[in-house]
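The values are calculated or read from the model by the stated rules, or taken from the named source; none is laboratory data. All figures in this text were calculated on a predicted structure; none of them were measured in a lab. Quick reminder, even Gly has a Cβ in these numbers, built from the backbone with ideal geometry, and neighbours come from all protein chains shown. For the accessible areas, the whole protein counts, side chains as well, though only heavy atoms, and no ligand, DNA or RNA atoms are used. Shrake-Rupley method; radii C 1.70, N 1.55, O 1.52, S 1.80 Å.
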Amino acid sequence: MMLRYISAVFLLFSLPLHAQQMAEDSLYVRTFLEAMMERTKGNDEAAFDSLLHCVSIDSTRAEVHFFLAPYYYKRGERGKALKSYVRAAELDSTCVDYVEALSSAYYDALQYDKAIAAAEQLLKLDSQREDVLNVLIKMYDRAGRFSDCISCIDRLEQLEGKSEQMALAKSYYLSEMGDTVASMRELHNLCVDYPGELKYKCTYASSLLTIGQADSALAVYREVMAEDPQNVDAAMFMREYYKKQNMEQQADSVAMQLLLGKKVDWDAKAAVLRDIILCNERKGGDTRKVLDVFHLLLQQPQQDANMAYLCALYMDKKKMSHDSIGMVLHKVVQIEPDNFAARMHLLAYAWERNDMDSVVVLCNEARKYDPTQMPFYYYQGMAYYRQDREEDALATLQKGLEYVNETNDSTLVADCYMIMGDLLYKTGDSNAAFAAYDSCLHWNPAEVGCLNNYAYFLSLENKRLDQAEQMSHTAVMAEPRNATYLDTYAWVLFKRGRYDEAKEFIDRALQNDSVPGEDILEHAGDIYALNGNIDQAVEYWKKAAETAPEFNVVLRKKIKKKRYIK
């Protein structure tokens, strides 16, 4: 067996050279085809292994290096990927795909000079590649080779013909090279070639201004204004020019021309208004002059509410009366009934002056245009609550909570659930009330008002007293001088039979309440009674009876019998 193996190897190496090469070629071709099949199937590892095998068979084949490179990229071996592209292009420098891939690889590796050289070689292979010329312009620009940028633009013009974009680009690069005369000539020619495009005249005028030819620039801008009195670029320049020359009347005239122009967009108008306000502030801040401008503008038909709302914001900043600002805000909502910001502004004013009727009307109107906005339900519900319209308050809050989602303000949603809980408890539905409190704490676990009320109502029903104690304690820790929270905690401790601790906290509640109400005084009497101090207990019960809004039968019995009665 060993002799036969040695003979076979000897025979293989003793074949003529061309026969041995044919055998290697055949193996290479089979292996390369296997790699391409695995590549088509998406089997990256198998394809990669087969390509590496191809290299071991014959490393002088350009295509195997070309196909290996992307796999090296996938494996994070960027250096090997670049070397593969370099090798492929070295082995076949006439292949457009290899040279193009090499240029991109050099560019990604931030080797811009080599990327440019490869792109130039690619252009030699195919001089009609407009995309390559555009890429070269970007790379030359990055390298600061502006004359080469211009050469590429010239070649593009030969292929595509002249265009505005190319003329502008050429003017820019000539300017960067310091050839101001040639740069200006390009812009001037652009204006001649496209006489209807006023933007090119504005660009030309702006360039004249840059090189210090203000008078020439002014002449061009005047030409533009003669053709289009509402041209923003020209008008802006004219206004700045007049301001620098202290020609205030002319500057104001151009400003009003812009502000009243139907073709002038809002951004341009807003810029002019901001400048007017800024200039006015520098001269002492004569509010009347600015408001006169707004008044004139708001007499014109309004396409949107931007002008009116900006006026309201200005008045607010100048701390003008809410009534006068409110008039402008009402104009905003007349133009845009769904303007949320203006509605909220008006709501804040109505709430501040305790005008709950207006709050209800404003919220009702707002809900017609956007029924999903929670704040309108909250404020309307709270307005009803303040008006003792508790059924309406509950219905409104419940309706609003149908639109709750994770994008809502958690504090606002929590407040809605807390008020709902209070209202539901008043109706006698304690289970629904406690569910509402749970929802409140889901949205805002630190809502101390909810923690206090929840704890107190649980204590009244002798339910979950351990949880009630925890919640009440949290509220007291958050606000240790709040008499209501101290009273609740004392009462929960009382219900749990911890009378000494209850006495400590009811005393603190009394100390922090300048005018204790019936509940705190009666609780104090009950707690003192079960701490063995019946005389002091009776004193507190008597004070409670004096402050009670109506006759309290149980309280009267406590006083009469001088003992605690549940």
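Residues that are more than 30 Å from Asn405 (Cα to Cα), touching a Ser or Thr at 6+ places or on another chain (Cβ under 9 Å), open to solvent by less than 50 Å² (accessible area, probe 1.4 Å) and modelled with pLDDT of 90 or more: does region 315-326 have at least one? Yes, there is a match, as at least one residue in region 315-326 is more than 30 Å from Asn405 (Cα to Cα), touching a Ser or Thr at 6+ places or on another chain (Cβ under 9 Å), open to solvent by less than 50 Å² (accessible area, probe 1.4 Å) and modelled with pLDDT of 90 or more.
What do you reckon, is Ala475 small (Gly, Ala, Ser), under 30 Å from Leu401 (Cα atoms), within 42 Å of the chain's Cα centre (by Cα) and surrounded by fewer than 21 Cβ atoms within 10 Å (Cβ to Cβ)? Lay out the reasoning, then the answer.
On the way: small (Gly, Ala, Ser): yes; under 30 Å from Leu401 (Cα atoms): yes; within 42 Å of the chain's Cα centre (by Cα): yes; surrounded by fewer than 21 Cβ atoms within 10 Å (Cβ to Cβ): no.
So Ala475 does not fit the description; no.
From the list Val96, Val135, the lone residue that is under 37 Å from the mean Cα position of the chain (by Cα) and either surrounded by fewer than 18 Cβ atoms within 10 Å (Cβ to Cβ) or within 30 Å of Ser207 (Cα to Cα) (or both) is Val135.
Taking the condition surrounded by fewer than 14 Cβ atoms within 10 Å (Cβ to Cβ) and touching a Phe, Trp or Tyr at 6+ places or on another chain (Cβ under 9 Å), does Lys83 pass?
On the way: surrounded by fewer than 14 Cβ atoms within 10 Å (Cβ to Cβ): no; touching a Phe, Trp or Tyr at 6+ places or on another chain (Cβ under 9 Å): yes.
No; evaluated as a whole, the condition is false for this residue.
Condition check ((1) open to solvent by 80 Å² or more (accessible area, probe 1.4 Å); (2) free of Cβ contacts under 8 Å to residues at least 24 places away in the same chain) across all residues:
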{"site": "Lys503", "(1), (2)": "no, no"}
{"site": "Ile506", "(1), (2)": "no, yes"}
{"site": "Leu510", "(1), (2)": "no, no"}
{"site": "Gly517", "(1), (2)": "no, no"}
{"site": "Gln536", "(1), (2)": "no, yes"}
{"site": "Thr547", "(1), (2)": "no, no"}
{"site": "Arg556", "(1), (2)": "yes, yes"}
{"site": "Lys560", "(1), (2)": "yes, yes"}
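The condition (being open to solvent by less than 60 Å² (accessible area, probe 1.4 Å), closer than 21 Å to Tyr73 by Cβ and in contact (Cβ under 8 Å) with a residue 24 or more places away in the chain) is satisfied by just one residue among Tyr106, Tyr140: Tyr106. Of the residues making up region 75-104, those that are under 26 Å from Met139 (Cα atoms) and of a type in the set (D, E, K, R) are Glu77, Arg78, Lys80, Lys83, Arg87, Glu90, Asp92, Asp97, Glu100. When Ala350 is tested against (1) surrounded by 20 or more Cβ atoms within 10 Å (Cβ to Cβ); (2) modelled with pLDDT under 90, exactly one condition is not met: (2).
Considering only region 496-525, how many residues are farther than 17 Å from Thr484 by Cβ and either part of a helix (DSSP H, G or I) or in contact with a Gly (Cβ under 7 Å, 6 or more places away or on another chain) (or both)? Show your work before the answer.
First pass over region 496-525, keeping only residues farther than 17 Å from Thr484 by Cβ: 496-501, 503, 525.
Still in the list and also either part of a helix (DSSP H, G or I) or in contact with a Gly (Cβ under 7 Å, 6 or more places away or on another chain) (or both): 499-501, 503, 525.
Going through region 496-525 one residue at a time, the tally reaches 5.
Look at (1) under 30 Å from the mean Cα position of the chain (by Cα); (2) open to solvent by 30 Å² or more (accessible area, probe 1.4 Å) and you find that Glu390 fails only one, number (1).
Residues of region 293-315 being assigned to a helix (DSSP H, G or I), under 29 Å from the mean Cα position of the chain (by Cα) and either over 19 Å from Leu346 (Cα atoms) or without any contact (Cβ under 8 Å) to a residue 12 or more places away in the chain (or both), which ones? If you could, list the steps in order and put the result at the bottom.
Restricting attention to region 293-315, the residues satisfying the condition of being assigned to a helix (DSSP H, G or I) are 293-298, 306-315.
In the following step, the residues that additionally are under 29 Å from the mean Cα position of the chain (by Cα) were identified as 306-315.
The one that is assigned to a helix (DSSP H, G or I), under 29 Å from the mean Cα position of the chain (by Cα) and either over 19 Å from Leu346 (Cα atoms) or without any contact (Cβ under 8 Å) to a residue 12 or more places away in the chain (or both): Leu313.
Considering region 240-263 alone, what residues qualify as being open to solvent by less than 10 Å² (accessible area, probe 1.4 Å) and either farther than 22 Å from Ser206 by Cβ or outside any helix (DSSP H, G or I) (or both)? Those that are open to solvent by less than 10 Å² (accessible area, probe 1.4 Å) and either farther than 22 Å from Ser206 by Cβ or outside any helix (DSSP H, G or I) (or both): Leu259, Gly261. Picking from residues in region 397-439 that are of a type outside the set (S, T, N, Q) and in a loop (DSSP other than H, G, I, E, B), the one that is least open to solvent (accessible area, probe 1.4 Å) is Val404. A single entry from Asp304, Asp370 fulfils the requirement of being touching an Asp or Glu at 6+ places or on another chain (Cβ under 7 Å), under 28 Å from Leu278 (Cβ atoms), surrounded by fewer than 19 Cβ atoms within 10 Å (Cβ to Cβ) and not hydroxyl-bearing (Ser, Thr, Tyr): Asp304. For region 143-176, a residue qualifies if it is over 26 Å from Tyr106 (Cα atoms) and crowded, with 17+ Cβ neighbours inside 10 Å, and the qualifying residues are Met166, Ala167, Lys170, Ser171, Tyr172, Leu174, Ser175. Taking region 373-387 as the range and being farther than 17 Å from Met344 by Cβ and surrounded by 21 or more Cβ atoms within 10 Å (Cβ to Cβ) as the test, only Tyr384 passes.
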